[in-house]
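Inspection log for the structure reproduced underneath, given as C-alpha cells.
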Amino acid sequence: MKALLARIESLFQFIGGLLPESLLMLFARLAIAYTFFSSGRTKVTGLLDVTDTALYLFQEEYSVPLIPPDIAAYMAAYAEHFFPILLVLGLFTRFAALSLLIMTLVIQLFVYPDAWNVHMWWGIAMLYLLKHGGGNWSLDHLFSRHSRQEPAMR
C-alpha cells in the first residue's frame, strides 16, 4: 500500500511539474482581471461614464459603509477597470491583487453576504498572487530582472 501511494504521489508530482508556475500565475491574474473588468463594464457607458443604473444600485441596494453612494459607485467602476489592467500586464501585481481582495471583502461583508461560495475562489486566487507575485510572464518580473542587472562599466 505504501508503495502504491508513493507511485501515485510521484505521478502527481510529474503532472505538476508539467505546469510552469508562471502559467498558473498568469491564469490567476487573467481570471481575476476578467471577473472584475467585466463587472466594471456593467457600471459604465463609453470609456468610464458611470451609468445611472450603477448610481441607483449604490444608493438603494448596496450598503457600502462610510462612503457616500455616488463616490462608492465611481470608486468601484474605476477600480474594476484599473486594477484588472494591472493584473493583465502583471504590473504591481501584489498591489492590484490586494486592492481587489479588499474590494471583495467589502462586497462579501456589505453587499452580497451570501455569496461567499464565489468570493472565496476569488480570494484564493488573489492570496496566491499576493504571496507569489505575477510570475515570470509579467512586467513585474521584467522590471525586477532589469533593475538587478549590473550597471555598465564606465
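Computed over the Cα atoms of the chain, pair by distinct pair, the Kirkwood hydrodynamic radius stands at 17.7 angstrom. Helices in the chain that qualify as membrane-span-like (whole DSSP H runs, Cα extent of at least 18 Å along the helix axis, mean Kyte-Doolittle hydropathy of 0.5 or higher) are 2-18, 21-41, 69-89, 93-106.
Using Cβ point charges alone (K and R +1, D and E -1), the dipole size of the chain about the Cα centre works out to roughly 880 debye.
Annotation: amide H of Val44 within the under-5 Å range of Thr51, sequence separation 5 or more or interchain, hydrogens built in the peptide plane.
Which of the listed residues, Pro69, Leu47, Ser22, is farthest toward the dipole's positive end in segment 1-78, when Lys, Arg count +1 and Asp, Glu count -1 at the beta-carbon? The residue sitting farthest along the positive end of the dipole is Ser22. Projecting the Cα positions of Gly123, Leu4, Leu101 onto the charge dipole of the chain (unit charges on Cβ atoms of Lys, Arg, Asp and Glu, taken about the Cα centre) puts Leu4 furthest along the positive direction.
Bear in mind that the values in this text are calculations on the coordinates, not laboratory data. As the structure is a prediction and not an experimental result, all values here were calculated from the model. Heads up, the Cβs are rebuilt from the backbone with ideal geometry, glycines too, and the neighbour counts pull from every protein chain shown.
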